[in-house]
Amino acid sequence: MNSGVFAPWRWEALWNSRQEFIDAFFVTVEVSVFALILALILGITFGLFSSGNNKILKGIARVYVEFFQNTPLVLQVLFMYYGLLYAGVDLSKEQIGIIGLGVYTGAYISEVVRTGITSIPYGQTEAALSQGFTHLQAMTYIILPQSVKIALPPLVNQMVALIKNTSVLAMIAGGDLMYRSNAWASNGTLSYGPAYLTCGILFFCLCFPLTYFAKRYEQKLKNRAAASNKEVSAE
């Protein structure tokens, strides 16, 4: 019993090392937040490129999306880690994680933004342009506010995926939850059970509220659409 995977002494050892897990938790949160900011900037920018009429910008956006969606995230982070090292660029592992995750997730957010924009009838853009709006003004004041409602649930799903993908930093000893859990368990006690379970619980605490919000919001949109259809049918 004392040598079991979840033996009490293993949990005691983990509790005594709790500060390591707390620090790793905040590293994961920090990387997630800054990577999300970068991903949103890239995603919105390339999403606008993809949904616009400029063929050059649309082509650039397609190359970006196809490349990062069709190559493994682990490979991208490792390539960036070693490539920048050989190039003499001195970035911390957290910064590499932020850039790698931000650029990777930005490709998926770009598709979410593009889908949200193209789901709005083009007639609304034409109407705005006929009223003297520029294309940018039409997007900012008319199209994007409507597309946000459609894009929000899949956007939240991408946020959740980004948080879980921070575990890739374990490949470069990035100090995140996954790396810290594995390093702590490997350092003498071999208490992988408590370490991985704690890691999973902490990830769950970060991801579940976002997933729950996305499901509730999506259901709210469906209920609103159903109510609107009923009103139209009644008329």
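Coordinate-derived values only; no laboratory data. Since the structure is predicted, the reported quantities are computational estimates derived from the model, not experimental observations. Using ideal geometry, Cβ is built from the backbone for each residue, glycine included, and neighbour counts are taken over all protein chains shown.
Can you name the residue in the range 141-178 that is hydroxyl-bearing (Ser, Thr, Tyr) and crowded, with 18+ Cβ neighbours inside 10 Å and is also nearest to Ser17 (Cα to Cα) among such residues? Checking each candidate, the answer is Ser167. For the range 69-126, a tally of residues being in a loop (DSSP other than H, G, I, E, B), among the small types (Gly, Ala, Ser) and in contact with a helix residue (DSSP H, G or I) (Cβ under 8 Å, 6 or more places away or on another chain) returns 1. The residue of the range 80-128 that is surrounded by the most Cβ atoms within 10 Å (Cβ to Cβ), among those that are under 18 Å from Pro153 (Cβ atoms) and charged (D, E, K, R), is Arg114. Scanning the range 31-72 for residues that are crowded, with 16+ Cβ neighbours inside 10 Å and of a type in the set (Asp, Glu) returns no hits.
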